[in-house]
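Here the structure is laid out as structure tokens; the discussion comes afterwards.
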Amino acid sequence: MNNQPVYQDYVNAAEAIRQKTNHQPKIALVLGSGLNQLADEVENADIISSGDIPGWPGSTVEGHHGRLVFGDLNGTSVLVLQGRTHFYEGTDLAWITLPVRVMHLLGVEILIVTNAAGGINRAYTEGDLMLIKDHINLPGMAGNNPLRGANLEEFGPRFPDMTHGYDADLRAMVHKTSSETGVDIQEGVYACVSGPSFETPAELRFLSAVGADAVGMSTAHSVIVANHCGMRVLGISTITNVTNIDPQSEDVTNHEEVLEVGKLVVPKLAKLLRAIVKNI
Ligand code: HPA
């Protein structure tokens with residue numbers, strides 16, 4: 001694998017998918033850690049293993065099955081992506097984000113990203129949902145932006161704007177849908193870190209001071225690439241743990257807890273997402 005995919009790599013992946021399904025969804029939904037069960041809600045499903053798509057990144061992490069599920073969610077055509085690859089696994093971000101551009105080539109216009117995140121805002125509790133209104137991409141600010149390297153003009157400009165990274169109309173629709181369904185949702189800023197170690201108390205105090213409400217190890221990379229190619233983005237974090245800013249505390253954060261709480265949140269997240277895809 002080269003450091004960076006070339007245009008033909010995206011085309012080849014899109015072709016391989018087109019040969020396996022006739023579904024042509026305009027909405028894609030990326031499932032985060034512990035949220036895989038949501039894909040079971042999809043009807044008339046064509047399921048493709050990510051290993052059958054050339055160039056598609058694989059995942060080595062428990063709770064991140066690599067599958068593409070094309071079908072209908074609450075009567076709306078969708079593509080559900082189970083399992084994402086994370087930067088901490090070692091692959092370059094340009095390959096990690098290849099699925100976003102492939103989805104664009106397949107005709108997807110709206111990307112809904114979900115993730116597991118640690119709550120930084122002290123008003124948040126375990127099991128809360130948070131609509132992402134903006135992000136702080138720490139790996140990107142430190143040189144690991146997914147668009148680093150040659151710009152592929154076929155997808156977008158060299159210097160894409162990120163003022164409207166998380167589409168305001170879609171966010172307004174989510175608030176309306178939240179009232180209609182009775183599924184409460186917070187709104188806040190997501191800080192992306194590379195992981196895999198969880199944050200130290202000092203790092204958490206830093207993230208809080210710069211305005212982050214939640215922290216996680218994914219999402220910002222895909223959101224940048226999606227914005228670059230003109231997709232509209234909606235992001236929802238599930239708060240799987242309240243982060244620990246007290247160095248004296250006995251509490252520790254672990255991946256098992258993240259997966260456990262992720263599973264408990266699935267029913268209400270599924271209820272909200274079913275209504276969201278209908279309301280788009
Ligand atoms: N930190 C970073 N990533 C996470 C966390 C966290 O506390 N919880 C779930 N993903």
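The values are calculated or read from the model by the stated rules, or taken from the named source; none is laboratory data. As the structure is a computational prediction, the values presented were derived from the model and not from experiment. In this analysis, Cβ positions are derived from the backbone assuming ideal geometry, glycine residues included, and neighbour counts consider all displayed protein chains. Keep in mind that these areas ignore ligands, DNA and RNA; they rest on the heavy atoms of the full protein, side chains included. Shrake-Rupley method; radii C 1.70, N 1.55, O 1.52, S 1.80 Å.
Below, the figures for the structure above:
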| read-out | value |
| --- | --- |
| Residue tally, condition part of a helix (DSSP H, G or I) and farther than 15 Å from R18 by Cα, over segment 76-111 | 9 |
| Residue count for segment 139-180, restricted to those that are surrounded by fewer than 16 Cβ atoms within 10 Å (Cβ to Cβ) and more than 20 Å from the chain's Cα centre (by Cα) | 13 |
| The listed residue being surrounded by fewer than 16 Cβ atoms within 10 Å (Cβ to Cβ) and away from the ligand (no atom under 14 Å from the Cβ), out of V210, V233, V183 | V210 |
| Checking P267 against (1) touching a residue at least 12 places away in the same chain (Cβ under 8 Å); (2) under 20 Å from L35 (Cα atoms); (3) in a helix (DSSP H, G or I), the condition it does not meet | (1) |
| Hey, G71 closer than 18 Å to G235 by Cα and surrounded by fewer than 22 Cβ atoms within 10 Å (Cβ to Cβ) or not | no |
| Hey, R84 touching a helix residue (DSSP H, G or I) at 6+ places or on another chain (Cβ under 8 Å), among the charged types (D, E, K, R) and surrounded by 20 or more Cβ atoms within 10 Å (Cβ to Cβ) or not | yes |
| Residue that is nearest to S222 (Cα to Cα) [pool: residues in segment 100-138 that are touching a Phe, Trp or Tyr at 6+ places or on another chain (Cβ under 8 Å) and open to solvent by 10 Å² or more (accessible area, probe 1.4 Å)] | R101 |
| Odd one out for R18 among (1) open to solvent by less than 60 Å² (accessible area, probe 1.4 Å); (2) in contact (Cβ under 8 Å) with a residue 60 or more places away in the chain; (3) away from the ligand (no atom under 16 Å from the Cβ) | (1) |
| Single residue of V61, V11, V30 found to be modelled with pLDDT of 90 or more and either loosely packed, with under 14 Cβ neighbours inside 10 Å or within 16 Å of the ligand (Cβ to nearest atom) (or both) | V30 |
| Segment 112-133 residues that are part of a strand (DSSP E or B) and at pLDDT 95 or above, paired with ones that are among the acidic types (D, E) and open to solvent by 50 Å² or more (accessible area, probe 1.4 Å) (beta carbon under 6 Å, 6 or more apart) | L131/E187; K133/E187 |
| Some residue of segment 77-85 being within 16 Å of the ligand (Cβ to nearest atom), modelled with pLDDT of 95 or more and of a type in the set (A, V, I, L, M, F, W, C) | no |
